[in-house]
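Step one of this worksheet: look at the structure below.
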Amino acid sequence: MSSTESTDVLIIGSGFGGAITAYHLAAGGAKVVILERGPWLSGQDFDHDFELGSSYTRAFDFVVGDGMSVLSGNCVGGGSVVYFATMPRAPRFVFERQGSIGRRMWPAAINRDTLDPWYDRVVEALPVTGQSWDQVPYPGGLWAAACAHAGRTANPVPSAIDLDKCTNCNWMMAGCRFDAKRSLLLNYLPAALAHGATIRPLHEVQHLSRTDDGGYRVHYRVVDDEDYRILHDAGTIDAKIVIVAAGAGATPVILQRSEPTLGKMPSAVGRYFSGNGERLNTAVFDEDRVREVLGLDRGDGVAYEAYQIGRGPTVASWDKLDANLPEYERYSLEQLYFPPGLGTILAQVPDATGPSWFGVEKKELMRHFKSWLTVFTMSEDDNEGVFGPPPETGNAHRFSQQMLGHGPLRYQPTANTWRGWNLSDADVKDIVERDGLAKVMPWTNDLVGAYTVHPLASCRIGDDPATSALDDRHELRGHPGIFVTDGSAVPGALTVNPALTISALAERAVPGIVRAAQARGVAVTYGAPAPDGATAGRRAVLQAR
């Protein structure tokens, strides 16, 4: 069965880049349709387990590539539903990076000063707040104490979490059932729905083509609710403006597959992928040494044993975010909770005499999981990822009912990227192993290659057509009326969690999209206030469903 309809604006993806643009365009009077590949979950749909078929496997997409694996959101609300809500602004030096091209990557029109007003809008809308030391849970306190013992600084991170609602259950990676995490289900998306936007879950866009009137036709398939390998009905929707916000692992695949029907893509589509320079270390702390060296005690004689208690990253060390350091030697170190499943599989045994991935020593490591601390590096990589030919459908060849697939991304880390990883690994080791506090081991690339939860830059903005797929207004070069507003538009690694920067860039892109829509005959204006997440919330989302 096929269907054909039309709209003013068609948005592919409902994460930060899709939800923010959807709200402003709908509030300005445009007819907006959002197609989302994943299911629509909220509130009590979020399970406190990681079994197959739970919200964890339904809402995630884990794609294994050649040398890089990408973990991303796959649901209405995108990455905001499964993220840890850590929302720092990118350091000022990031916007001056040259990276692998030997000259400034970012467009001349964008720097920290010009982006700050757009950061402010997102901070107000979600909202993003700070947290005091007495609000930091045990793992963050342990990381801060270890940093202080090693002569380093540490800071509570700004986050989009309502601490009055948070129970420190640490299930937020499977979706927050208490609405403490300020996902897009609680602000931009309800506000977009209130202004007439529609969201269609389980609609996977395959490619775009042109219409006779200069617009675009979006071709989709309906995804089975239980087995994502099964595609049902096909359909098309015509739109005057298309915003691609499917994520840095899917947006370039859609555009590459559209080349036969749209015409040649910019050479940077599917190139310059960045994993945000991410790397993980798992430390296993000696409870006696934590008590003796750091003087920590939970009040019941237990020094720590709290890896699973909390809410993801709460404390970061930013000592190496120093503009005076050479490029590729700047990184942040963030305490992180990586839940069972991938976390326990990929964690390796420090100083193993046998296999580090499995066996007796791995079993003993697992027995002490409450004494773990995961330290997350975000550094400067070399944008070395390249997407090969796209699969026939979707962004990957799925080999499980949900979540898992093999994609066309190839990533071979350069010496520059390795320099940052090696320096950060040594830094983590120096901090946590002092005076016998812990033993630490990085998650090496041996099993699934490098990995990222913050994919970036596969269709990046820039001033040079040879190295950027988009101009500084986020419009796809050679294809007027198509815009890209997700993480793939970010030029390179940010050295911090990127969600706030992706969101600020999407906010910044909206006025230009509005002007382009007006030029194509869409009756739309710009100027809506920040959505009121405090009063929107779950009720508006459930009513729309």
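Points worth noting:
- Selection count, segment 181-222, where residues are part of a helix (DSSP H, G or I) and open to solvent by less than 40 Å² (accessible area, probe 1.4 Å): 9
- Count of segment 12-39 residues which are touching an Asp or Glu at 6+ places or on another chain (Cβ under 8 Å) and assigned to a loop (DSSP other than H, G, I, E, B): 8
- Check on Glu392, acidic (Asp, Glu), open to solvent by 50 Å² or more (accessible area, probe 1.4 Å) and either part of a loop (DSSP other than H, G, I, E, B) or touching a Ser or Thr at 6+ places or on another chain (Cβ under 7 Å) (or both): yes
- If only residues of segment 283-293 that are without any contact (Cβ under 8 Å) to a residue 60 or more places away in the chain and either acidic (Asp, Glu) or assigned to a strand (DSSP E or B) (or both) are counted, the one that is most open to solvent (accessible area, probe 1.4 Å) is Glu292.
- Hits in segment 308-318 (condition: closer than 22 Å to Ser132 by Cβ and either in a loop (DSSP other than H, G, I, E, B) or open to solvent by 10 Å² or more (accessible area, probe 1.4 Å) (or both)): Ile309, Arg311, Gly312, Pro313, Thr314, Trp318
- Just one residue in the set Ala191, Ala180, Ala174, Ala245 is at pLDDT 95 or above and under 28 Å from Ala457 (Cβ atoms); that residue is Ala245.
- Segment 423-449, residues that are in a helix (DSSP H, G or I) and closer than 16 Å to Thr377 by Cβ: Leu423, Ser424, Asp425, Ala426, Asp427, Val428, Lys429, Asp430, Ile431, Val432
- Hits in segment 236-265 (condition: aliphatic (A, V, I, L, M), open to solvent by less than 30 Å² (accessible area, probe 1.4 Å) and in a loop (DSSP other than H, G, I, E, B)): Ala245, Ala248, Ala250, Met265
Residue-wise test of (1) small (Gly, Ala, Ser); (2) under 24 Å from Met87 (Cα atoms); (3) crowded, with 24+ Cβ neighbours inside 10 Å.
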| site | (1), (2), (3) |
| --- | --- |
| Ser6 | yes, no, no |
| Val9 | no, no, yes |
| Phe16 | no, yes, yes |
| Gly29 | yes, no, no |
| Val32 | no, no, yes |
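- The set of residues in segment 472-493 that are assigned to a loop (DSSP other than H, G, I, E, B) and in contact with a strand residue (DSSP E or B) (Cβ under 7 Å, 6 or more places away or on another chain) comprises Asp472, His474, Arg477, Gly481, Thr485, Val490, Pro491, Gly492, Ala493.
- Contact map, segment 359-376: first residue farther than 24 Å from Ser332 by Cα, second residue among the β-branched types (Val, Ile, Thr), Cβ cut-off under 6 Å, separation 6 or more or different chains; pairs are Glu361/Val349; Lys362/Val349; Leu365/Val349; His368/Val284.
- Within segment 399-455, the residues that satisfy the criterion of being in contact with an Asp or Glu (Cβ under 9 Å, 6 or more places away or on another chain) and of a type in the set (D, E, K, R) are Arg410, Arg419, Asp427, Asp435, Lys439.
- Criterion applied to Leu321, Leu280, Leu296, Leu333 was being touching a Phe, Trp or Tyr at 6+ places or on another chain (Cβ under 8 Å), in a strand (DSSP E or B) and surrounded by fewer than 24 Cβ atoms within 10 Å (Cβ to Cβ), and the one residue passing it is Leu280.
- Residue that is most open to solvent (accessible area, probe 1.4 Å) [pool: residues in segment 467-516 that are in contact with a helix residue (DSSP H, G or I) (Cβ under 6 Å, 6 or more places away or on another chain) and charged (D, E, K, R)]: Arg473
- When Ser356, Ser424 are checked against the criterion of being surrounded by 22 or more Cβ atoms within 10 Å (Cβ to Cβ) and of a type in the set (Gly, Ala, Ser), Ser424 stands alone in meeting it.
- Top-ranked residue of segment 128-149 - restricted to ones that are surrounded by fewer than 17 Cβ atoms within 10 Å (Cβ to Cβ) and out of contact with any strand residue (DSSP E or B) (no Cβ under 9 Å at 6 or more places or on another chain), ranked as nearest to Ala191 (Cα to Cα): Asp134
- Lone unmet requirement of (1) assigned to a helix (DSSP H, G or I); (2) small (Gly, Ala, Ser); (3) open to solvent by less than 40 Å² (accessible area, probe 1.4 Å); (4) farther than 30 Å from Leu202 by Cβ for Ser80: (4)
- Filter pass, Cys166 being under 25 Å from Gly43 (Cα atoms) and either open to solvent by 30 Å² or more (accessible area, probe 1.4 Å) or free of Cβ contacts under 8 Å to residues at least 12 places away in the same chain (or both): yes
- Qualifying residue in segment 445-466 (condition: surrounded by fewer than 16 Cβ atoms within 10 Å (Cβ to Cβ) and more than 21 Å from Ile101 (Cα to Cα)): yes
- Qualifying position, being at pLDDT 95 or above, open to solvent by 50 Å² or more (accessible area, probe 1.4 Å), touching an Asp or Glu at 6+ places or on another chain (Cβ under 9 Å) and part of a loop (DSSP other than H, G, I, E, B), among Arg104, Arg121: Arg104
- Every pair of residues 6+ apart whose Cβ atoms lie under 8 Å, when the first sits in segment 209-222 and is in contact (Cβ under 8 Å) with a residue 12 or more places away in the chain while the second is aromatic (Phe, Trp, Tyr) and part of a strand (DSSP E or B): Ser209/Tyr216; Arg210/Tyr216
The values are calculated or read from the model by the stated rules, or taken from the named source; none is laboratory data. Since the structure is predicted, the reported quantities are computational estimates derived from the model, not experimental observations. Cβ sites come from the backbone with ideal geometry, for glycine too, and all protein chains shown count toward neighbours. These area figures cover heavy atoms from the full protein model, side chains too; ligands, DNA and RNA do not enter into them. Shrake-Rupley method; radii C 1.70, N 1.55, O 1.52, S 1.80 Å.
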